[in-house]
1. Find the relative contact order for the stretch D:97-199 and round it to a whole percent, using C-alpha pairs within less than 8 Å whose residues are 6+ positions apart.
2. What FRET efficiency do you get for E:Leu24 and F:Ala169 if R0 is 51 Å and r is their Cβ-Cβ distance, rounded to the nearest 0.05?
3. Any number yet on Rg/Rh for chain B, C-alpha, Kirkwood?
4. Could you run the Karplus curve 6.51 cos²θ - 1.76 cosθ + 1.60 with θ = phi - 60° over the stretch C:8-13 and give me ³J(HN,Hα) per residue in whole Hz, x for Gly and Pro?
5. Quick one: with label points 7 Å out along Cα→Cβ, list the inter-copy distances for B:Ala233 in nm, shortest first?
6. In terms of the Cα gyration tensor, with a ≥ b ≥ c the square roots of its eigenvalues, is the stretch D:69-149 rounded because a/c is under 1.5, prolate because a/b exceeds b/c, or oblate?
7. Specify the angular offset, from 0 to 90 degrees and rounded to the nearest 10, of the alpha carbon long axis of helix B:120-129 from the longest principal axis of the alpha carbons in chain B.
8. Loop by DSSP (not H, G, I, E, B), at most 15 other beta-carbon atoms within 10 Å: where is the longest site-free stretch of chain D for GluC sites (Glu not before Pro)?
Number of protein chains: 6
Amino acid sequence: MKILLLNPNMTEAVTERLAGAARLVLSPGTQLQTATAPRGFPYISSRAEAQVAGAIALEMLAERQGQHDAAIIAAFGDPGLFGARELFDVPVIGMSEAAMLTACMLGKRFGIVSFAAQMAPWYEECVESHGLMGRCAGIFCLREAFTSIIDVAAEKQEALVALAGEAVAQGADVVILAGAPLAGLAREVAAHIPVPLVDQVQAAVRQAETLAALAPLKARTGGFRRPPAKPAAGLAPELAARFEHRD
Amino acid sequence: MKILLLNPNMTEAVTERLAGAARLVLSPGTQLQTATAPRGFPYISSRAEAQVAGAIALEMLAERQGQHDAAIIAAFGDPGLFGARELFDVPVIGMSEAAMLTACMLGKRFGIVSFAAQMAPWYEECVESHGLMGRCAGIFCLREAFTSIIDVAAEKQEALVALAGEAVAQGADVVILAGAPLAGLAREVAAHIPVPLVDQVQAAVRQAETLAALAPLKARTGGFRRPPAKPAAGLAPELAARFEHRD
Amino acid sequence: MKILLLNPNMTEAVTERLAGAARLVLSPGTQLQTATAPRGFPYISSRAEAQVAGAIALEMLAERQGQHDAAIIAAFGDPGLFGARELFDVPVIGMSEAAMLTACMLGKRFGIVSFAAQMAPWYEECVESHGLMGRCAGIFCLREAFTSIIDVAAEKQEALVALAGEAVAQGADVVILAGAPLAGLAREVAAHIPVPLVDQVQAAVRQAETLAALAPLKARTGGFRRPPAKPAAGLAPELAARFEHRD
Amino acid sequence: MKILLLNPNMTEAVTERLAGAARLVLSPGTQLQTATAPRGFPYISSRAEAQVAGAIALEMLAERQGQHDAAIIAAFGDPGLFGARELFDVPVIGMSEAAMLTACMLGKRFGIVSFAAQMAPWYEECVESHGLMGRCAGIFCLREAFTSIIDVAAEKQEALVALAGEAVAQGADVVILAGAPLAGLAREVAAHIPVPLVDQVQAAVRQAETLAALAPLKARTGGFRRPPAKPAAGLAPELAARFEHRD
Amino acid sequence: MKILLLNPNMTEAVTERLAGAARLVLSPGTQLQTATAPRGFPYISSRAEAQVAGAIALEMLAERQGQHDAAIIAAFGDPGLFGARELFDVPVIGMSEAAMLTACMLGKRFGIVSFAAQMAPWYEECVESHGLMGRCAGIFCLREAFTSIIDVAAEKQEALVALAGEAVAQGADVVILAGAPLAGLAREVAAHIPVPLVDQVQAAVRQAETLAALAPLKARTGGFRRPPAKPAAGLAPELAARFEHRD
Amino acid sequence: MKILLLNPNMTEAVTERLAGAARLVLSPGTQLQTATAPRGFPYISSRAEAQVAGAIALEMLAERQGQHDAAIIAAFGDPGLFGARELFDVPVIGMSEAAMLTACMLGKRFGIVSFAAQMAPWYEECVESHGLMGRCAGIFCLREAFTSIIDVAAEKQEALVALAGEAVAQGADVVILAGAPLAGLAREVAAHIPVPLVDQVQAAVRQAETLAALAPLKARTGGFRRPPAKPAAGLAPELAARFEHRD
C-alpha cells in the first residue's frame, strides 16, 4: 500500500516533520511517499493563499497520478480537497478532515488549537465545509508572534498546552493540535492535557490506509465523478491533461 | 493489536458474518476477538430494543476489560456507545459511526440503505446523535418482508442494489449498506452501484485499529471521563464493579 | 385519571420529594401513583448510568401496564423515554421534556440550572434529543461538591439562586431547576429569580394529565407504533412478555 | 381558574366551535371565557392579515386585563403572541404553539394538516418562530376550494383524512388538524388516522390550565418583561393605557 | 425612480435624520419621498410595539399606493415587512434587511450595534426571521440610559464606537449601527472602527433602487402573491380597500 | 464610479453577454469595465475547475488593482471570492452572492435554475458558503445535453421556463436563472414565470454600485483584513506582488 503525503506548501522541513510523525503509526507494509510544493508559499494562513495553494495541490496530484493508493493533502484547512476528490481516481483526504473525523470517535466535541490567530477564519470555513461545526467546541489560537514556522511547536509548546486547557474548559472532549508545523507534538504533550489528543498527520495517514484498504470504486455518477473532458489553457501540463482526459 | 468486535445481539451467525468481512481488511498483526450477546434479542430494530441491548453491551464490555486495545459495538445504530465511551478506558466505537465517518471522506453525503423499514427511525436518531444529518442524503429501507435475518443479504441483494440506485438519485455520493446482516455485501455488489460503497464492519475494524494505533489517553476530565464511583445494585457483577470502581 | 410517577432511581426520599411537589398542582380527581426503581443507582449522572436506568425504566413500566392513563419517567434526562414511547400503549413522558416544553410557553429560551457539573453533557444530549437546543440558553451547573442527594436543594439553595441569575444574564427567559432532588424548589425561590420558573415535576404531572385528557390513540404505524413481536431472552419477565407480545 | 379563549377573528360560529371542543377536556373547576374580535377579518390566511389581527388581539387582551388566569390566542399561526407575552402579566399562549408542544410528547415529528394552501407560508413562519422546524414533518394543505369557513370541517372531512395519511407517509408521528375551523374534528376522525391526533384547542386549553396551575411570576427582566412606559397615540384606549402604564 | 422612505414611528426628526443620510448616496435621478407615522409610538423597542406599528406601516403603504417604485420600512426590526411584501405590488424592503444583506457582501459575519438593551430580543427575532443568524456575530447594545431618542447618536457616539470594537473582538467582520436614530452615524465614526461599517438607511435606499431598477414582476402565485379579496371591518379605509381588492 | 465585471472564464462571448445585460440597469455615471480570463477554461462546471479559475481570478484582480471602485467575479459559484475579499482594498462581490442576496428581498426562498446537472453540487456548496441554504428552495438543473455554451439560453429557453415552474411548485418565491450564459434571459421570460425573477448580472452590477456608493473602509483587523506580507514563488507577477506587499 502506497500513501502520498502531499505538502501543498514549500517548506521541506515541514514535510519532514509531517513524515516523521506519520511514520510512527504506519501499518506494516505501508510505503509513505512525500511531496513538497515547488511553488506557492512557505505556509498558508489565509483564504487567498489557500485558493492558490489548492490549485497547486491539484497540479502536484496530477503529476503523481497512478503512483499511490491514496493521497493526503497535508495542510490543515484542506486546500483543494473537494476538487481533488472529483478529479482523481484514488481516494484523496485532507489532513484536517482526517483529524476531525478521527476525533469524533473519541468524544462529542473537538477543540482545534493552533499557533496563529490569522488562521482562525480559514480553519472555521474548513470545519463548516465538512459540516462539522456541531462537533467543534471552538478554534483556539495563540495571539502572540512566533519566530519561525519550523520551530513554532517547540517555541510555543507551553502556551499551546495552556490553550488546550482553555479549549477543554470550553467544552472540548478531544483536542487537535492544528497546523502542519505542529505535527508530532501531540505525543510530547499528551500527559499535560486532560483529554485525548489527535495528531493530525497520524490520523491522516491511518485514514488514508483505511480508504486504501476498503478500496472503494471511483464514483461514476453524481457530485464526485470525474468532470467531463474540457479544454484547459495555460495550466501545468499534467493538470491540463487530466482536465482534458488525455491521461 | 487486539480489537474486540462485539455483537450486542444473540445471533452467532451474524457475528461470524461480521468477523468474516472484517478479516478481509485487517492490518497485519491485528487480532480480532469476537463476542455475541448472551441475552437480549436476535437482532435490534427499535429504540426500545436498543435501550436494553445497549445496557447488555455495557455488561459485555465490562466482562472483557483489559483484553483488547479498542472495541467495536457492531450493531448499526450504536447501542450503548456513548455510555461505553464514558465508562471504559480503551476506545470504543460504533459500527454505524465508523461507517459514516469513513464515508465522509469519500463524498459529501452518504446514503444509508437497509433491509427493513422499521429500522429507519432508530437509524435516523443514530445519525442525529453523531451530528451528521447534514452529511446524510437519507435513510432508504426496503418495505417488503424478508425470510431470515441470516440470509437477508442474499435474499434481497437485487432489491438492495436498486435501492442504492435510488439513494444515489436522491443525492448520495457514497452508500452504506447498513445493518449487521449486510456485512460483507458491499464487495459483492460494488460493481452495480455507481458511487463508492463503505462496508460498515470493514470501516469499523480499520477505525478501531486507527484509534488503537493513535493510543489516545483516556479523558481525565469533561464529558467522557470515567463517572465517579457510585453504588450499583442488581446489575451484572462486572458491570457493577466497573460503576463502583472496584475493578 | 391515574398518573404514574416513575423514579428510575433507587432513592425513595427523592420519589417522595417528587410526589410532594407534584401533588400541589394535581387537578381534582387525578390519582398519583409512584414507583421507585428496585435496582440500579441511587441517582443518575452519566450516560452510562442512563443507559442502564433507562432499561430498568422499561422493566418498571412493563410491570405496571394497564394500571395508569399516562406515565412520567421522573429523572431529568429522560432515560428510556423514546423506547417507552414505542413499547407502551398509554402516553409516557419525560420529566425534562415536560419541563422544557412548558417553559417554551413562557419565553423564548429556557435556562437549565442544576447542582452537579457532571450532569451537563448528559443533560445537553437530552435537550438535543428533543430538538430544543434553539430554545435553550444554556445548562448551568454548580461546580462545588454537595453533601447528600436528598438534601442538596436546601444545602445549595442560595448558590442555585445565584446561578439562576447567571442564566438570566446569559439570556434565559425562563429557568428550570433541574434534577429530581430539586423538585419543589421552584416555589420556594421564585421571588428571588427575576424570570418565571418551571418546576419540573409539576410541569410533568400537568402534561401527563393533558395527554391523558386528550386520550390520543396509540400509533398503529410509523416510528412510534409498538415494535413487532420478537423473542427476548434474559430480561425481566414482564418486559420480555411485552417484547414478545405475550401480554 | 379562569381561561380566556380569544378568537382574533370576527366569526362567532368559529368561536363557538372552539369553545365546544375545548369544554370536552376542561378540568373540573375551570371557567372558560370567550371573546370574538370586534373588527378585522372573518378569518386569517396571510401574513398581512395576521399583522393586523395580531394588533387587534392585543387590544382585546388589554380590554380584558385582570379577568383571567391565562389566555389563549385561538388562531393557528398565533397572531400577536410574542407581543402579548411581553405586554401582559398572566400567561398568554398561542393555539398552534400549544398544539405543537403537546404533539412533541407523542412522537418525534408532527404533521400539520389544513384546509387551504394559502395558509402554508404563514403557518411555516409560525413553526419557525417557535424553533420547531426540526420537529415538523411538513405542512400539508388541501388545494381545492371550500364553500364556507364554518362548515369546512364537515365538507372536507374525507379529504383531510386522506391528507393526514399522506403526512404520516412522509414521516409524521402525530397529526395536528390545523386552523380554528377544524377544532373538534380530531375526535371524529381519530379512528381513521393511524397515528395520534392532537386537537389544537383542546391542547391549548389544557396548556393554559397548566400554566395557570404553575402560576409563574411575570418576568421582571429580560426579553419578556413588560416594556417600559411609552406614549401611544391613536390606539384603542385600553391598549394605549397598557403601553403607557396607566393601568 | 421614486423611493418611499416610510418611518413607522411618529418622530419627524428621526424621519429627517434618515432622509438626510439617505440623500448622500441616492443615485442621480432618484426621488426620495418620506412619510412619518400619524399614530403609534415615538419609536419602537419591543415586539408588542412592533406588532402595532407594523399594522400602521400597512396603513401608510395603502394610503400611498401607486406613488413610488419601491418602499422602505425604515425602522430597524422591519415591522410589518412580510405582510407588506404580500399585500403590495411594488417591492417593499426593511431597513434592517437591507443593512444585513449589504453587510453580507463585506464579510462573513456582521455585528449589530445599538443604543438600548431592550431592543436586543426584538432585533434577534428580526435576524432570525431573515434566516441570517449564521451570518450574525451578535447584537451588542449599550446598557446605560440615554437622554433623547433624537440626540442619542451624538450623546453616545463614543460608547457606540467602543461597543463596535467589542463586536469586532467577538468576530464581527462588518458593523451595522442599528436603530433609526443612528442613521448617518457610520460616516462620522468609520475611521475609529477597524472593519467596514454599513449605514442602515444608505444601504436601504440603494437596495430599494436596485429592486426598482430590476423591476421584478409581482408574484402571481405562492407565498408572496397578493392575498385573495376578503372582507375587512374596522380598518383604515385605504387598507381595508386593499384587503378587499377595491383598489 | 467604475465597476469591473470580471469573467474568470475564457469565453469572450459570455463576457459580452454579461456586459450587455448589465448595461441595461447601470446607474447614470457608472462605467463598466470588463475582463475575460486569459487562461483556464471556457466555462466552469466543477469544484476542480473552480479551484483553478478562482486562483486565476485573483491574478486578474491583481493586474487591475487601482482601476475600479468595486469588482464582480462574474461566474455563478463565485470562484475565488473570499480570497479576493481578503486580498484587495476595494469591494469584490460574487455574481451568485449578489443574485441570492437580492432575491432575499423579494421573497423567502429563491430557486436556482440552471442548464447543466453537473453544476448542482458546486452551486450547492456556493449557497452553503454564503450561509443561505435556509433561503434556498433548491437547485434545479436541466438534465439534457446542450449544443453550445454561448447559445444555451436560446436553445433551452422553453425547458428553463418549465423548470422554473417546477422550482415555484417546490416553494421558490423568487427564481434566479443561474450561470453566466443565462445572463439577460430573465427579462425575456419574466412574463412566463409566475414569481419575480432576479437577473444575476443585473443584480451584481447594482450591488457593486451599492458598495461603491457606501464606500466602506477596508478591514484593518479580523478575518477580512489584507493578509500580512509573505513570500510567493512561481505566481503571476502582480499576484505575487500583492501577496508580498510590493504594490
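Only the coordinates and a few stated rules stand behind these numbers; no lab work does. What you are looking at is a predicted structure, and each value in this text was computed from that prediction instead of being measured. Note that we place each Cβ from the backbone using ideal geometry, even for glycine, and neighbour counts take in every protein chain shown.
1. 35
2. It comes out at approximately 0.70.
3. Using only Cα positions, Rg/Rh for chain B is 0.96.
4. x, 10, 9, 8, 4, 4
5. 3.0, 6.7, 7.3, 7.3, 8.4
6. oblate
7. 60
8. D:1-143
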